[in-house]
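The structure appears below as structure tokens.
The values are calculated or read from the model by the stated rules, or taken from the named source; none is laboratory data. None of these values were measured; they are calculated from a predicted model. FYI the Cβ positions are ideal-geometry reconstructions off the backbone, even for glycines, and counts take in every protein chain you see. The area values use the complete protein model at the heavy-atom level, side chains included, leaving out ligands, DNA and RNA. Shrake-Rupley method; radii C 1.70, N 1.55, O 1.52, S 1.80 Å.
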Amino acid sequence: MAAAKHNIIVGRGEDFSFTLTVAYSGSAIDVTGDTFAAEIRRGSGKPLVASFDVTLTTPASGIVDFKLPKAKTLLLDGNVNYKWDLFRTDDGSPTTTTRLIYGDVKVENNITDI
């Protein structure tokens with residue numbers, strides 16, 4: 001399965017979050033015991049800029065929350081081009097690691113001094 005491209009816009013100094021429902025052919029996948037990783041970098045092999053906090057909200061229904069709190073979005077610079085991607089490692093036997101989403105990150109600098 002090819003990863004989906006999805007660009008995101010992050011407001012610098014804001015809490016940023018999204019909810020993902022993992023599904024196949026319209027049916028939710030039970031992600032109980034699975035692990036997820038999502039990171040922002042300047043490019044492949046570049047140093048980590050920020051990693052998303054991950055919560056398996058309703059794993060039996062495939063619902064997972066991803067969050068970049070304010071402290072992490074403050075590390076981003078609106079004058080820099082970033083990339084991000086999101087991986088799932090299932091707890092099956094054998095385990096399988098799959099990139100689900102990738103894309104560009106646009107950072108909107110804040111005007112208010114926070």
Could you go through segment 52-64 and let me know if any residue there is among the acidic types (D, E) and more than 16 Å from the chain's Cα centre (by Cα). no
Looking at (1) under 26 Å from A2 (Cβ atoms); (2) open to solvent by less than 70 Å² (accessible area, probe 1.4 Å); (3) touching a residue at least 60 places away in the same chain (Cβ under 8 Å), find the lone condition where K106 falls short. (2)
Residues located in segment 1-46, provided they are small (G, A, S), touching an Asp or Glu at 6+ places or on another chain (Cβ under 6 Å) and more than 17 Å from D90 (Cβ to Cβ): G11
Being at pLDDT below 95 and in contact with a strand residue (DSSP E or B) (Cβ under 6 Å, 6 or more places away or on another chain) is the filter here; which residues of segment 76-94 pass it? G78
Looking at V105, V49, V54, V64 in this structure, which one is at pLDDT 95 or above, part of a strand (DSSP E or B), among the aliphatic types (A, V, I, L, M) and out of contact with any Asp or Glu (no Cβ under 9 Å at 6 or more places or on another chain)? V105
Among the residues that make up segment 9-16, is at least one of them modelled with pLDDT under 95, surrounded by fewer than 12 Cβ atoms within 10 Å (Cβ to Cβ) and part of a loop (DSSP other than H, G, I, E, B)? no
Within segment 65-84, of all residues that are among the basic types (K, R) and buried (at least 17 other Cβ atoms within 10 Å of the Cβ), the one farthest from the chain's Cα centre (by Cα) is K72
Only one of A50, A28, A4, A23 is open to solvent by less than 70 Å² (accessible area, probe 1.4 Å) and touching a residue at least 60 places away in the same chain (Cβ under 8 Å); which? A4
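In the set L86, L76, which member is of a type outside the set (V, I, T), touching a Leu at 6+ places or on another chain (Cβ under 9 Å) and assigned to a strand (DSSP E or B)?
Checking each option against the conditions leaves just L86.
Do we find that D34 is buried (at least 16 other Cβ atoms within 10 Å of the Cβ) and touching a residue at least 40 places away in the same chain (Cβ under 8 Å) in this structure? Even if it seems obvious, please write down each step before you answer.
Numbers: buried (at least 16 other Cβ atoms within 10 Å of the Cβ): yes; touching a residue at least 40 places away in the same chain (Cβ under 8 Å): yes.
In short, yes.
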The lone exception for P94 - which of (1) without any contact (Cβ under 8 Å) to a residue 12 or more places away in the chain; (2) assigned to a strand (DSSP E or B) it fails: (2)
Condition check: out of contact with any helix residue (DSSP H, G or I) (no Cβ under 9 Å at 6 or more places or on another chain), touching a residue at least 40 places away in the same chain (Cβ under 8 Å), open to solvent by 30 Å² or more (accessible area, probe 1.4 Å) and not basic (K, R). Does F87 satisfy that? yes
